[in-house]
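Here is the structure we will look at.
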6 protein chains.
Amino acid sequence: MADPSLLVVSAHAGDFVWRAGGAIAAAAMRGERATVVCLSYGERGESASQWLAGKSLDEIKAIRRAEAEAAAAALGSDIEFLDLGDYPLVESQEAVAKLVDVMRRVQPTVVLTHPLVDPYNGDHPAAARMALQARVLAQAIGVANSDGTYPSSDEIIGAPPVFFFEPHQPEQCDFKPNVLLDITAAFARKKAAMECLPAQKHMWEYYTDLAGRRGVQVRRNAGPNLGLPHETMGEAYMRHYPQVTSVLD
Amino acid sequence: MADPSLLVVSAHAGDFVWRAGGAIAAAAMRGERATVVCLSYGERGESASQWLAGKSLDEIKAIRRAEAEAAAAALGSDIEFLDLGDYPLVESQEAVAKLVDVMRRVQPTVVLTHPLVDPYNGDHPAAARMALQARVLAQAIGVANSDGTYPSSDEIIGAPPVFFFEPHQPEQCDFKPNVLLDITAAFARKKAAMECLPAQKHMWEYYTDLAGRRGVQVRRNAGPNLGLPHETMGEAYMRHYPQVTSVLD
Amino acid sequence: MADPSLLVVSAHAGDFVWRAGGAIAAAAMRGERATVVCLSYGERGESASQWLAGKSLDEIKAIRRAEAEAAAAALGSDIEFLDLGDYPLVESQEAVAKLVDVMRRVQPTVVLTHPLVDPYNGDHPAAARMALQARVLAQAIGVANSDGTYPSSDEIIGAPPVFFFEPHQPEQCDFKPNVLLDITAAFARKKAAMECLPAQKHMWEYYTDLAGRRGVQVRRNAGPNLGLPHETMGEAYMRHYPQVTSVLD
Amino acid sequence: MADPSLLVVSAHAGDFVWRAGGAIAAAAMRGERATVVCLSYGERGESASQWLAGKSLDEIKAIRRAEAEAAAAALGSDIEFLDLGDYPLVESQEAVAKLVDVMRRVQPTVVLTHPLVDPYNGDHPAAARMALQARVLAQAIGVANSDGTYPSSDEIIGAPPVFFFEPHQPEQCDFKPNVLLDITAAFARKKAAMECLPAQKHMWEYYTDLAGRRGVQVRRNAGPNLGLPHETMGEAYMRHYPQVTSVLD
Amino acid sequence: MADPSLLVVSAHAGDFVWRAGGAIAAAAMRGERATVVCLSYGERGESASQWLAGKSLDEIKAIRRAEAEAAAAALGSDIEFLDLGDYPLVESQEAVAKLVDVMRRVQPTVVLTHPLVDPYNGDHPAAARMALQARVLAQAIGVANSDGTYPSSDEIIGAPPVFFFEPHQPEQCDFKPNVLLDITAAFARKKAAMECLPAQKHMWEYYTDLAGRRGVQVRRNAGPNLGLPHETMGEAYMRHYPQVTSVLD
Amino acid sequence: MADPSLLVVSAHAGDFVWRAGGAIAAAAMRGERATVVCLSYGERGESASQWLAGKSLDEIKAIRRAEAEAAAAALGSDIEFLDLGDYPLVESQEAVAKLVDVMRRVQPTVVLTHPLVDPYNGDHPAAARMALQARVLAQAIGVANSDGTYPSSDEIIGAPPVFFFEPHQPEQCDFKPNVLLDITAAFARKKAAMECLPAQKHMWEYYTDLAGRRGVQVRRNAGPNLGLPHETMGEAYMRHYPQVTSVLD
């Protein structure tokens, strides 16, 4: 059994905080490795206030990077940046190859990324498609690393489960959660991470509130475990591959 | 945390063996309670050879009942029969009320039943709809038992997860499994249970082979757990409500 | 190989003409048996002009029956009426049992009926559900006829393919045709049958035109058979069970 | 053009407040007629605290009725109760006939009801199915009123659009909103109506917050109307029939 | 509130006439601005008769352009051509950037384009994907114009609603209309525009007839507005984002 | 009527054997032309054992090619290789143009390829998308061949039906078969072809068994043709365009 290793593929620098911060913090709090890969800084599409303030492209990228690093630290996660550009995030074989390298290095046992549909933001599905393609390629011993060398049997990866995290307008993205994650214990860390993104202060409350709503659903679907507290916090996910288990519960 | 208790709602006397025998045996082998409720004996729709042999309706029901009891014993499960008739299994409030009584008595922590679509056999979706309705009614303190008494707080049930087991022609039933259950250790018991149904001898091989195919998928989707043996056996399920968990894996 | 026998289950007295008249006429022109079963006369829901003219219920039923008999004769089909009432057409085990009797008598090799979704007319899906249930029950030797006798091996039916014919607003009924039937040669008979329904004269042109539109699609999808004439006429169907064939074409 | 008349078909006594209170209040504030029909009081399935407090069935029904009347008054709506029982709300032709009578009397130009899928509460889809069936039957001049008389041309209804209001766990109910209603101006009335239901105090905040979230989506999808205020409140709906319009906007 | 401005993104030179001519004419007749952008001339894939007549590629493009200009004039619309080539219309960032420029210049309040699925013509979904991507990018102040300059706050666009117009074989394109547009008053202009395309004379009748069929559906779904005339003409659309409104009707 | 000509577009060198070997052999046994086009050799993604054995890329390609040629010969089919590379199979206009050339040369009356969804292998949908695009382009007289010449009227193709063959995990690929092909007579050839792929010996039994399972479904859905033998073998397909026929059966 491989050591737990959580990999989060995030289109922009802030996405992983709002949508998967609880899962990341929970993994870190269990002592597991967590790694975030930001494909871009969200410098063009998700930094309107900084553009309005007259910042340059490079300044904006630096600001977003620093914020994301602080948030990852607050969650207890490593973070890397591929700087592929956003709006649009353009899919390419070069970008996928970089993700293959990351996966072979990180050896993820779980992968989180965006859902495949988002009519409000094309970068999100593009990130998901690249993450999914890289996950398949990284399994094959005949697929070279980006430096042209071939992987050893130890360097290829298994077939880690993939979970899509929640988009901003879930129903419009055909996001029907089939996993509700209890993040009550990890929520303080998620809150701390959100507060590392001062330009989006109105989102702090929005996502705290969302965690409460998903928490209500955690309790509603918790089966016979009636003892969950009123203040349960949750995050919603869609599992992309079937769950493998030896117990139905 | 409630004691584990598995409840299987089966339209006909044989269904639970072929489609969920592994899950039932696995629960029993873990020392958990398992209960099968057969809504009918399958006396009209799934007993063609006995009709051709000239048996009477009562004889056929007795034969099917004895076989099912033997199979349940082989799996390690309790079994009950509601004798509601088949082909068609007619939905009624009386039948649902009997299921409410069963559920309040058995206090299931997991419910298994048929999927909601089956263009080849209308009894299967009818059983599923009644099981789902009973599960919701059994949760309500204002819904009386079938004898007119009201349940106490202890007698109502929680919200146990529901899994649909595999139909005979899965794709035509819109059956897209999202849970693959490893039944390798329990398969010997499932085989013994199948052999309690001598009239359907050709099915023994068919469902052994199906377990092998689902076992291949267990291994393919097992993530980084690469060590699963070649002879892994599986059963496929569809989870009807979102999974609640505190760990993504 | 059984003799070809086409059975059409129609909710109201006129439905089979507009939606399946071409298929019926084509079968009759090949010398095959065709039988229409009208579950109701459409006396309440599809006879507004007669109600406005002050006719009584019995008068309206007689008018609709006579029209449907004339149309069936024009197509070359037998016709029967179960007089189950409409608006609503209420599903019942008695009604299904009558359909079982019809099917065992007619021994259909093909069944046509309404699609399962119609937000504009609940009688249509009700007819389809009963036809589908009867088709499954009629296959079982343990299911008695409505007079309480049991069928012989010869009296049960096989598993005839089922096709849903086109509803009035196809997209709203999730009607995605997967079979386009060339009815060019049979169209004159369909036209004659439509003209047996004088109260709905505006529909003659509407359904002639629809046949032309479906004919355009016949030609577009005809593969390499480029020689189809410009005036090709068509009807659209949805196949409910998979096609069985020994040649892909 | 008929006078505007809003009809809300609600399975239980409280549903219309939480899910459609804004739409009702907005109609009333425009001086339009609004009518709520409660099919049951929610006496068994949605009154757990009163059962735990030892109230009798009749007492609970009276409490729920009084609350609903107060809430309707706060919204500015008429209200009627059919007292059909809940958990389960059983579908019947008699119940549908009562709804036909209501519709012919109220002459709705818009109908609101529950969505057709709800795995958590079977009464909601049952209410929706009956509302939809009644709406079709009420259009037919050949369908008698429940007292056996036939309607005049003035008494039948047109084909009012139907909107499904938001269920408690929208994604699990396949609820993909295609209409976002701005209820900012009507929200104070909705709040007053919610406060007429003192036993569900925790819901006041829950649905205030939901209105805020849907308000964010109102603003996000408002096209070029950039001036909507930050505190925009919204309700989400699914339109069941296509919109008819003479302007695309 | 922005001035109404309708933008139509058409894969080939003729598409906008057949599928959206009524909407364009209606906007023009209300005195609103309408702009058509043809991504290609349809020179390879939709000009078979001209190829058979031995015309050169440049001749065909000139013919198609002249026809489209005449048709746009008949409708009362501006028209532009991006000349991106067809069969296939290849998606590229350069093409999307040109559409961003157009959108920032035209400031659309409504966008019309092809649906996202068309198994008969890949250029149509390609056009739709580019239109949707450009619409999102054009909203972002951090996305440069194609000349490298950055937009001002006035130059970015809002979030105009998007409507997909009807494809040639609607059901095969998963086209389920949720908006039916009454184009009765505008139909004479649409007819005049169709007649600007003499090489496709058989289409004139085909699309006149389609307008009649959609008109029947306009009347059927018009709710209580019973007074629509028999000769109502219509066009069908699919709204891609939720409608925002302050009145349900 | 064109001469029958079956074209199979296969992403990797082995796919056509396992998934469509029966259809190919059956066509060949009827004396019809069959042609397989392998887009790649499967050299990187489906040759793990050879990589582990230390073979070079060129050696692996040669091995896979020889195996595929032997298998095609056993089936009675021609075979060609485009050598486009795999893992990933990258879509390009150049690759599509090569397929256009093949199609114009082979004049297929039926096309088989992979389904459009496969979360386990992105090369399969990529092959399907290119095959579908090429099939549309090859119909257009204005689309040049890859050498820049234009096709004559005889060189363009019609609109051959397309069938998707079965993927490895059908339900996960949204593969709902609507055609079940009886390959009983052709199975011996398919078996011989499978045995040309010695490195995948465990697959021989797996796909023999699958043919048996699909054979059970052939018999179940065979309608009134009750005489099919117990050992019926089958292959499952999804028809992508509507079937055109002059007889419903």
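The values are calculated or read from the model by the stated rules, or taken from the named source; none is laboratory data. All values derive from a computational prediction rather than experimental measurement. Methodologically, a virtual Cβ is constructed for each residue, glycine included, from the backbone with ideal geometry; neighbour enumeration extends over all protein chains shown. Each accessible area value is taken on the protein alone, full model and side chains, heavy atoms only, with ligands, DNA and RNA left out. Shrake-Rupley method; radii C 1.70, N 1.55, O 1.52, S 1.80 Å.
In Å², and per residue, what accessible area does the protein assembly as shown have when probed at 1.4 Å with the other protein chains present?
For the protein assembly as shown, the solvent-accessible area averages 35 Å² per residue.
Can you name the residue in chain A whose Cβ lies closest to the A-to-E rotation axis, and give that gap in whole Å?
A:E91, 6
Just check the range C:5-238 against the gyration tensor rule for me: Cα atoms, a ≥ b ≥ c as the square roots of the eigenvalues, rounded for a/c under 1.5, and otherwise prolate or oblate depending on whether a/b exceeds b/c.
oblate
Skipping prolines and chain starts, which residues have an amide H placed within reach, meaning under 5 Å, of the one on B:G223, given they are 5 or more residues away or on another chain?
A:A159
Cβ neighbours within 10 Å, averaged per peptide: list F:198-207, F:14-23 in order, most packed at the top.
F:14-23, F:198-207
Taking beta carbons within 10 Å but only from partner chains, what does the mean come to for residues F:121-132?
If you average over the peptide's residues, the count of other-chain Cβ atoms is 1.
Looking at the range F:5-238, how many pairs of lysines come closer than 24 Å at the Cα, when each pair is eight or more places apart or spans two chains?
Total qualifying Lys-Lys pairs in the range F:5-238 comes to 8.
Okay, helix-only estimate at 222 nm for chain E: each DSSP H run of n ≥ 4 adds -39500 (n - 2.57), divide by all residues, round to 500 deg cm²/dmol; what do you get?
-12500 deg cm²/dmol
In Å², rounded to the nearest 100, what is the total accessible surface buried by chains F and C against each other with a 1.4 Å probe?
In total, this chain pair buries about 3100 Å².
Using a 10 Å cut-off on Cβ to Cβ distances, tally the other chain neighbours for every residue of A:135-144 and report the average as a whole number.
6
Can you pull the percent of the protein assembly as shown's accessible area that's carbon plus sulfur, 1.4 Å probe, other chains left in place?
Here it works out to 53 percent.
How are the alpha carbon pair distances in the range F:67-182 distributed across 10 Å bins from zero to the largest one, expressed in percent?
13, 38, 38, 11, 1
Would you be so kind as to list the residues of the range A:81-97 that have their accessible area lowered by at least 30 Å² in the full protein complex compared with their chain by itself (1.4 Å probe)?
Residues meeting the cut-off: A:Y87, A:P88, A:Q93.
Excluding D:I79 itself, what net charge comes from residues whose Cβ is under 13 Å from its Cβ, given Lys and Arg +1 and Asp and Glu -1?
Around D:I79, the charge tally is -3.
For the protein assembly as shown, what is the charge dipole size about the Cα centre, in debye to the nearest 20, if Lys and Arg each add +1 at the Cβ and Asp and Glu each add -1 at the Cβ?
The dipole of the protein assembly as shown has a size of about 0 debye.
Run through the other copies and list how far each one's label point is from that of A:E94, in nm with one decimal, shortest first; the point sits 7 Å from Cα along Cα-Cβ.
With the label placed 7 Å along Cα→Cβ, A:E94 yields 1.7, 1.8, 7.5, 7.6, 7.7 nm.
Distances in nm, one decimal, shortest first, from D:G54 to the same residue in every other copy, taking the label point 7 angstrom along Cα→Cβ.
D:G54 label point versus its equivalents elsewhere: 6.8, 6.8, 7.4, 8.6, 10.4 nm.
If I take the Cα coordinates of the protein assembly as shown and project them onto the principal axes, what are the three extents in Å, biggest first?
Computed over the Cα atoms, the extents are 74, 74, 73 Å.
For B:W204, which inter-copy label distances result when the label point lies 7 Å beyond Cα on the Cα-to-Cβ vector, reported in nm to one decimal and in ascending order?
Ordered by distance, the counterparts are at 2.7, 6.8, 6.8, 6.9, 7.6 nm.
Taking beta carbons within 10 Å but only from partner chains, what does the mean come to for residues E:40-48?
Per residue, the average neighbour count from other chains is 3.
Could you pull out every whole DSSP H run in chain D that spans at least 15 Å of Cα extent along its own axis and averages 0.0 or higher on the Kyte-Doolittle scale?
Long hydrophobic helices here: D:15-29, D:57-75, D:93-106, D:123-137.
Across the range F:9-49, what fraction of all alpha-carbon pairs, as a whole percent, falls in each successive 10 Å bin from zero upward?
29, 45, 20, 5
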